[in-house]
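Below: one structure, written as structure tokens.
The values are calculated or read from the model by the stated rules, or taken from the named source; none is laboratory data. Please read all numbers here as calculations on a predicted model, not as lab measurements. Quick reminder, even Gly has a Cβ in these numbers, built from the backbone with ideal geometry, and neighbours come from all protein chains shown. The accessibility values were calculated without ligands, DNA or RNA, using every heavy atom of the protein model including side chains. Shrake-Rupley method; radii C 1.70, N 1.55, O 1.52, S 1.80 Å.
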Amino acid sequence: MIARRPALLLLAAAVLIFLAVVAWRLLVLPSALSFAGGTEVDLSAYVGASPTGVPAELAGADELTKGKYLTEASDCAACHTAKEGKPYAGGRPFKLPFGTIYTPNITPDRETGIGAWTNAEFLRAVHKGIGRRGERLYPALPYASYTLLTDADVLAIRRYLASLPAVRQANLPNTFSFPFSQRWLMGLWSAFFSPNKRFRPVAERDAQWNRGAYLVEAAGHCGECHTPRTVAQAMDTRRKFAGGQAEGWNAYNITADRLSGIGAWAAQDLSTYLTTGYAPGHGVASGPMAEVVELSTSRMTPSDIAAMVAYLKTVPPVSTKEAPAMAGPAPTIASAGSAGGDPAGRRLFEGACASCHAWTGRGAITPDQQLTGNRAVNDRTAANVAMIILDGSGSPQHARAYMPSFRSSYSDAEIAAVSNFVTARFGSRPSRIGAADVKKMRDQ
Ligand code: HEC
Ligand code: HEC
Ligand code: HEC
């Protein structure tokens, strides 16, 4: 008995140390730019062009033009506009496992929007995630990123929003269940994961890199979708940009890893993708990324796109097994007869897809219909392929061709079958999704 006591004490100490390490790993995460090394300095101490504000092309523009540019670079419209709703009037639902949250109205209406807010209240909401009555806001408003925006830029956004037509539209309450309904918990969350700190450039890096960092980390909030989350739902900056989730879609690895990330993309391809939503050989941006491009990156100046690309290229590679190597050359058999795979999926592909995409997957009409070489088709969860089939891709307003939605014409089982056929024929590892998976995606 006595001999066992020291052993028990040792064991208890080991357990305590283990728990402390786990808690520390969970609660203390590297800052957005710590991967870059170097010294982060105050904006005023940075030698070189300021990385904040509008790009040089807009230096002489009026205040509202500048505010509009920053509002678009921060993509406030994507979340604060409901499908077919008035811009910025809110009401767009975000479905989470514990309930649905709706974005509020941020038009200048004094009763239902933010027309009566003071500048200080607006700054506090965007930087700290605190609402007008002092209530904590959920990080569905990406304040963990926006906290990096300068006061001047947030107020320029405010001035632009204040110039828009006021829309009278009441906010919808969220349907969060207990304990997620407790807003004060977000105060704890913020204390650890959204420190109230503005952007600090890295002294050793040039002005273009720092401008890219500001646009990607603060305004563009790319990490909110592309960085995996910890169990506490914080961006896991140890695996920065290694791939995350957005409304049922996979937001792929955009680190410099050549196989699982975008390390093999030429800088020009990345610029083209962010500017037009399509890069030859890499496919199209669909779903949430299509919105990012349409409402935000496609409206940015060439110098800003170049800065973002220069910055992205320096994010350290993280290899992820969820995004396996891309498939080799496209199938050359140009007919249905010899195509293998699930017969039900093949029949559907023949009837609904082959006329546009061709049996080789190289696209029958336009190059953006190519099914080979893009990440979605090589993703064995088939999440994005199934979402594209459900929702379609592109829009009739585009210069490019677009793909219709098959939401109402096919059952869950049919969409699963044709998704599995597409990944098997054109990707590196076939998916095996079922009707139940598609049902879940449909509800997103
Ligand atoms: C990813 C989606 C998303 C983006 C992008 C986004 N918001 Fe929001 N925003 C939300 C959600 C969701 C809420 C509600 C949070 C809550 O109820 O706790 C919110 C709340 C707000 C509020 C508080 C309004 C109120 O009535 O309490 C303001 C102000 C706001 N957002 C401004 C902005 C601005 C300005 C931008 C762009 C710089 C922006 N948001 C971008 C999702 C977003
Ligand atoms: C609202 C969530 C969201 C945000 C914000 C977002 N992305 Fe994406 N991104 C996605 C999704 C989802 C995909 C996959 C799209 C597809 O399959 O067509 C994607 C795809 C990409 C790709 C292509 C990756 C590949 O391997 O095909 C690049 C590059 C990219 N995003 C860059 C960015 C950059 C840069 C930003 C910030 C300016 C950004 N994204 C912001 C969701 C997002
Ligand atoms: C009317 C022509 C048309 C039909 C029919 C069609 N597509 Fe498409 N598809 C397109 C176009 C055009 C695009 C590129 C859309 C864009 O620009 O966003 C596309 C994109 C895609 C993508 C994304 C490719 C990428 O680069 O990431 C997938 C996957 C896809 N289609 C699968 C299918 C499947 C499966 C079917 C049958 C159920 C189908 N499509 C039917 C025209 C079509």
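Numerical summary
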| quantity | calculated |
| --- | --- |
| Sulfur and carbon atoms: percent of accessible area, the chain [1.4 Å] | 61 |
| Highest average packing first - 107-115, 305-313, 190-198, Cβ atoms within 10 Å | 305-313, 107-115, 190-198 |
| Net charge dipole size for region 53-193 [Lys, Arg +1 and Asp, Glu -1 on Cβ; Debye, nearest 20] | 480 |
| Heavy atoms of V293: accessible area, 1.4 Å probe, square angstrom to 10 | 10 |
| Probe 1.4 Å, protein heavy atoms only - accessible area per residue of region 207-312 in square angstrom | 34 |
| Alpha-carbon Debye profile of the chain, log10 I(q)/I(0) at 0.08, 0.13 Å⁻¹ | -0.51, -1.24 |
| For region 196-202, Karplus couplings with θ = phi - 60° (6.51, -1.76, 1.60), whole Hz, Gly/Pro x | 6, 10, 7, 4, 10, x, 8 |
| Relative contact order, percent, region 53-193 [alpha-carbon distance under 8 Å, six or more residues apart] | 27 |
| Overall Cα dimensions of region 158-214 - principal axes, largest extent first, Å | 47, 36, 14 |
| Candidates A234, A20, A89: whichever shows maximal mean-square fluctuation once the chain is modelled as a Gaussian network with Cα springs under 10 Å | A20 |
| Positive-end residue of G392, G363, F406, charge dipole of region 343-443 with Cβ unit charges | G363 |
| Derived scalar couplings ³J(HN,Hα) [region 101-106; Karplus, 6.51 cos²θ - 1.76 cosθ + 1.60; whole Hz; x for Gly, Pro] | 10, 10, 6, x, 7, 10 |
| Whole-number percent relative contact order across the chain, with pairs defined as alpha carbons under 8 Å at least 6 apart | 13 |
| Residues whose placed amide H lies under 5 Å from that of I130, excluding near-sequence neighbours | A125, L137 |
| Kyte-Doolittle at least 1.6, axis length at least 30 Å by Cα - qualifying DSSP helices, the chain | 4-27 |
| For the chain, with +1 on Lys and Arg beta carbons and -1 on Asp and Glu, the positive-most of Y143, V202, L9 along the dipole | L9 |
| Structure-based [θ]222 nm, the chain - -39500 (n - 2.57) summed over DSSP H runs of at least 4, per residue, nearest 500 | -10500 deg cm²/dmol |
| Amide H partners (placed H, <5 Å) of S393, local residues excluded | M403 |
| Charge dipole magnitude, Cβ of K and R +1, D and E -1 - region 159-274, Cα centre, debye nearest 20 | 400 |
| Pairs of alpha carbons in region 343-443 whose separation is greater than 15 Å (percent) | 58 |
| GNM flexibility winner over the chain from Y252, Y69, Y402 (Cα, springs under 10 Å) | Y402 |
| Point-to-point label distance, T175-Q233, nm (Cα→Cβ direction, 7 Å offset) | 1.7 |
| Cross-link pairs beyond the 22 Å C-alpha cut-off, checked among K197/K240; K83/K313; K83/K128; K95/K313; K83/K440; K95/K439 | K83/K313; K83/K128; K95/K313 |
| Dipole of the chain, positive end: most advanced residue of W249, V309, Q233 [Cβ charges, Cα centre] | Q233 |
| From the C-alpha gyration tensor of region 161-286, square roots of 5λ in Å | 30, 20, 19 |
| Amide H contacts of A246 (H built 1.01 Å from N, under 5 Å, at least 5 apart or other chain) | A251 |
| Probe 1.4 Å, protein heavy atoms only - accessible area per residue of region 53-193 in square angstrom | 49 |
